[in-house]
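What follows is a set of notes on a single structure, which appears directly below.
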């Protein structure tokens, strides 16, 4: 039995952030009914990150909406809305990520929904919160990365702002919403009371930077200065970074510079015995390291550093990773099948409880695939 079995979630969300939360809850056993607009459905169905199309729609949609049911309804049409309200009456959780004010206009705001179902968990993600001058701005990942300061932590000092090459704000805010929902479900189990759970994408990405923001406030408000080369962290000292070798790349995390120098035969690094110098002189140390590591292969350097418990790793691409036994043993990729028989590979839930991973062979739904069955079971 999965932990969230018998929990019913009505999901009004689109794109990536809130759907990533309902995906995680579905993996943990919840039943997720995804309410979609007729004809177009979730806009994410046509949101392409590449020219890869899976069974006629976006690979992103297929990845983030597996293991869910699709119920077709137009919330602006009274009869459709009545059906959705009947679903909400029976739901444990309602999820949405509309901009502030939209749910009020639809008559699905928290107070209205709470009157229909007092014990419901009403969970929403906004871009920038429900108040303030940015509340109506679009909550799009790159825009949030840009506004939050994150782009000035990546790359080297000569670069301009460098974004993270993933929808990191979407996925983080989805994870935070899932955490809030789980906490609210525990509260409901103890008290019987429902809750309103709210997450903003801006707060999520600010929380993600807690280490650097805390440093900023206790460093006299000094501006972030990224390394001149081999950058992997705006604040950490040498050797932290990625370095080219004769055969590829190697990453080095924290480590004592003189010891690393001794292990790899780089005498110049013995001139930096003090920990403070690894920060104050990180650019010159990194240049010395970079030049030295070019003289041999990644495999050679790993053979010297790993036995001494220096934190290091080969830098792999997906092809190399997927061929490695360290990846294969995780069985991280699962096959899922849609209702029409179309199969595709995607990742599984990474959470293990009592030695068990939570997998499901159910792929993403076609638009409105489960409408008739849901009406028969839950509405009429």
| request: Determine which single condition residue 202 fails, assuming it passes every other condition in (1) closer than 27 Å to residue 117 by Cβ; (2) in contact (Cβ under 8 Å) with a residue 40 or more places away in the chain; (3) assigned to a helix (DSSP H, G or I). | output: (1)
| remark: When restricted to 22, 13, the only residue assigned to a loop (DSSP other than H, G, I, E, B) and surrounded by 23 or more Cβ atoms within 10 Å (Cβ to Cβ) is 13
| query | Given (1) assigned by TED's automatic domain parsing to the domain that holds residue 94; (2) surrounded by fewer than 18 Cβ atoms within 10 Å (Cβ to Cβ); (3) in contact (Cβ under 8 Å) with a residue 24 or more places away in the chain, where does residue 35 come up short, assuming only one miss? | reply | (2)
| Residues that are surrounded by fewer than 20 Cβ atoms within 10 Å (Cβ to Cβ), closer than 27 Å to residue 65 by Cα and free of Cβ contacts under 8 Å to residues at least 40 places away in the same chain, drawn from the stretch 156-181 | 163, 164, 165, 166, 179
| query | What are the residue pairs meeting all of these: first residue in the stretch 277-305, first residue free of Cβ contacts under 8 Å to residues at least 12 places away in the same chain, second residue in a loop (DSSP other than H, G, I, E, B), Cβ atoms under 6 Å, and 6 or more apart or on different chains? | reply | none
| Residues of the stretch 252-265 being assigned to a helix (DSSP H, G or I) and free of Cβ contacts under 8 Å to residues at least 24 places away in the same chain, which ones? | 258, 261, 262
| field | Set 193, 268, 232: member being more than 30 Å from residue 115 (Cα to Cα) and either part of a loop (DSSP other than H, G, I, E, B) or not assigned by TED's automatic domain parsing to the domain that holds residue 297 (or both) | value | 232
| said: Suppose the filter is outside any helix (DSSP H, G or I), surrounded by fewer than 16 Cβ atoms within 10 Å (Cβ to Cβ) and within 16 Å of the chain's Cα centre (by Cα); does residue 142 pass it? | reply: no
| message | Out of 41, 29, 56, I need the residue that is at positive phi and under 20 Å from the mean Cα position of the chain (by Cα). Which one? | response | 29
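The values are calculated or read from the model by the stated rules, or taken from the named source; none is laboratory data. Please read these numbers as outputs of a predicted model, since none were measured by experiment. Glycine also receives a Cβ, built like all others from the backbone with ideal geometry; neighbour counts cover every protein chain displayed.
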